[in-house]
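Comments concern the structure below.
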Amino acid sequence: MTQRNPEISKGIDWSLVWLYLALVIIGIMAIFAATYKESDPLVQSFLQFKTDYSKQFYYFLIATVLAFFVLLTDSKFFTATANLWYVAGIFVLLLVFPFHSRIKGTESIIRLGGFQFQPAEFCKICVALALAKFISRPETDFSTIRSQLIAAAIALFPALLSILQRETGLALVYFSFFLVMFREGLPPVVLIVGFAIAALVVATIVIEPNILAISLTVIALLTIYFLRRTLKRNRGILLTIILLWFVCVGIQRFAVPFVFKHVLQKYQVERIYSLFGKDNPYHDAGETVSADTKQKANQSNYNVKQSKIAIGSGQLWGKGLLKGTQTRYDFVPEQRTDFIFCTIGEGFGFAGSAVLLGIYLILLFRIVTIAERQRSVFSRCYAYGVAGVFFFHIAINLAMTVGLAPVIGIPLPFISYGGTSLLTFTVMLFILIRLDADRHMVLR
C-alpha cells in the first residue's frame, strides 16, 4: 500500500477549493447586500458578531478551521468510523425531541446558548458516509432487493425523524441519496416509478378527483384492449395492469389525502395548492382555516411574488450592490436565507445570476468527475451522495424563489445565511476532497 505524502496539499483538487471559496464569498456579499444598514460602521459591523453578515463571516472562519482538520485527517478514518457517524447523527436527531426549540413552525432546532443547531443538516454527512460504507462492503450484493431495502432504510430513517420534527423540507433532501443507489445498480424502474408517483400526485392536485379516477380507468381499459392478443398468451401482464390501476387509484384516493391531512402541516398544504392556483380541498366539513395557517400561506405567496419582482427588476446587469429596492427595503422576507437568490438577481441581474449558476454547474460537474475517477467504491458512493445533496438543494431553492416549487425552507449551499448549513456543506465537501486526495490508495 502506498504511503500518503504527509504534505496537506498533496493530491488535493484545488478546483473544488477555489469554487468553494468563490461561493462563500458570494454568499457573504449577498447577505451583506440584504442586511447592511447605512448607519452601521462598515468595519466594526463585520467584526462585532452582531450582524448576519458578520456572523456568517465568523462561521466561515470556523468552517475553514474544520476544513483544515478534515484535510489533515487520514482518509481511512472516514471509512473506519462511517457507521459511528451514522449512530451519532441519529442520536442528535433523537435529542431534538426532548430539547428542541420551536422556531418558525419547525421543531428541529436545538438552542445552544446564543447558537442554534439543526441536527437534520448535520445528519446528511452521516448518511452519506454510512450509505457509502454499506454499499462498499465486500459482502454487500447491491443487486439484491434486501441490500437495496437496507440502503433505502439508511437514507430514509433520518427523513422520517425529520418529518416528526416538522422539518419536511430537509426530510425531502434525503431522497437525493437514491442517486447513489442508482449509480451502484438500483434498477432504473425504481426511478421511473418514483417520477410516475410524483406526476400522479401533481395530477391529483390539478385534476378533479372523479375525473382523474375515470381517466386512470379509461387508460387501463385501453391498455388492455390494445394488448388483448398479448394478454391471451401472458395472463401475468393483465394482472400487472390491474394491480397498477389499483395502486394508482389508491394513491390518488387514499395516500395523497392521508399525507396532506396527517403528515404535512396545514400551511404547507396551502402553499402547495396555491402554487397550482388551487384551493385546498382537505379541510374537514365545517372546519375553518386558522388565522395562523392563512398567514403562513399568504406569507409564502407574498414572498414568492416579491422574490420574482426582485429578480425581474435586476434585468440584464442588475442595479448594483446595495442599490436594490426590493431587497434593501425588506420587501422580501427571509431574503438572507431561503430567498437569498433574489438578492443576487436584483443586485447583479441576469448576468450575475448566470455566473452563480455557472459556478454551481462547474461544482456539480467536477464532483461527478471526481466520483468517476475513484478507485474506491466507498469514495465513489460518498462523492455521488455529495453531488445528490448539492443538486437537490440548488434545484429546489432556485425553483422555490421563482415560483416553480412550493416554499419548503431549503437553503442555497454556501450562499444562504446559517451556521449549521455552512459548516455541514463545508465538512461534506472537504471530506470528499480528502478522500479524492488519497484515491491512489487501495481503499474499500
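Values quoted throughout were computed directly from the atomic coordinates according to the rules given, and no laboratory measurement underlies them. Here the structure is a predicted model, which means the values were calculated and not measured. Cβ atoms come from the backbone with ideal geometry, glycine included; neighbour counts cover every protein chain shown.
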Worksheet item: What is the spin-label model distance, in nm, from residue 12 to residue 279 if the labels are put 7 Å beyond Cα along the C-beta direction?
Response: 6.0 nm
Practice prompt. Please give the peptides 271-277, 190-196, 431-437 ranked by average Cβ packing (other Cβ atoms within 10 Å per residue), highest first, as a rough proxy for protection.
Written response: 431-437, 271-277, 190-196
Item to complete: Among 227, 363, 316, determine the one that fluctuates most according to a GNM of the chain built with springs between C-alpha atoms less than 10 Å apart.
Response: 227
Practice prompt. Choose one of 245, 225, 212: the residue whose Cα lies farthest towards the positive end of the charge dipole of region 207-264 (beta-carbon charges +1 Lys, Arg; -1 Asp, Glu; about the Cα centre).
Written response: 225
Discussion item. Over 20 Å between Cα atoms: which of 37/308; 50/319; 76/133; 261/305 fall into that group?
Written reply: 37/308; 50/319; 261/305
Worksheet item: Size of the dipole of region 207-264 about the Cα centre, Lys and Arg at +1 and Asp and Glu at -1 on the beta carbon, nothing else charged, in debye to 20?
Response: 400 debye
Practice prompt. Would you work out the charge dipole size for the chain about its Cα centre, treating the Cβ of every Lys and Arg as +1 and the Cβ of every Asp and Glu as -1, and quote it to the nearest 20 debye?
Written response: 940 debye
Worksheet item: Roughly how many nanometres apart are two label points built 7 Å out from the Cα toward the Cβ at residue 44 and residue 175?
Response: 5.0 nm
Worksheet item: What spacing in nm lies between the two simple spin-label points modelled at residue 242 and residue 68, each 7 Å away from Cα in the Cβ direction?
Response: 6.9 nm
Fill in: Max mean-square fluctuation residue, GNM over the chain, Cα-Cα springs under 10 Å, options 251, 394, 242
242
Fill in: In sequence order, calculated HN-Hα J values of region 215-231 (Karplus, 6.51, -1.76, 1.60; Hz; x Gly/Pro)
4, 5, 5, 4, 4, 5, 5, 5, 4, 5, 5, 6, 9, 4, 5, 5, 5
Worksheet item: So for the chain, Kirkwood radius off the Cα pairs, Stokes-Einstein at 37 °C and 0.692 mPa s: how many µm² s⁻¹?
Response: 138 µm²/s
Worksheet, complete the sentence: Here region 158-175 yields Karplus 3J(HN,Hα) values (6.51, -1.76, 1.60; θ = phi - 60°; whole Hz; Gly and Pro given as x) of x, 5, 4, 5, 5, 4, 5, 8, 6, 10, 5, x, 5, 4, 5, 4, 5, 5
Item to complete: Would you mind classifying region 207-264 by shape? Square roots of the alpha carbon gyration tensor eigenvalues, ordered a ≥ b ≥ c; an a/c under 1.5 is rounded, otherwise it is prolate if a/b is larger than b/c and oblate if not.
Response: oblate
Discussion item. Can you work out the Karplus-derived ³J(HN,Hα) for every residue in region 82-96? Use 6.51 cos²θ - 1.76 cosθ + 1.60 with θ = phi - 60°, whole Hz, and x for glycine or proline.
Written reply: 4, 5, 5, 4, 5, 4, 5, x, 5, 4, 5, 5, 5, 5, 4
Response to the item:
Sorted by chain and then number, the residues having a modelled amide H within less than 5 Å of the amide H of residue 137, at least 5 places away or on another chain, are none
Worksheet item: For the chain, what's the relative contact order in percent, using C-alpha pairs closer than 8 Å and at least 6 residues apart?
Response: 25 percent
Fill in: Length released on extending from residue 81 to residue 350, taking residue separation times 0.36 nm less the Cα-Cα span
92.4 nm
Item to complete: With r as the distance between the Cβ atoms of residue 182 and residue 215 and R0 = 25 Å, compute the FRET efficiency 1/(1 + (r/R0)^6) and round to 0.05.
Response: 0.25
Discussion item. With a 10 Å cut-off between alpha carbons and a GNM built on the chain, which of 98, 257, 406 moves the most?
Written reply: 98
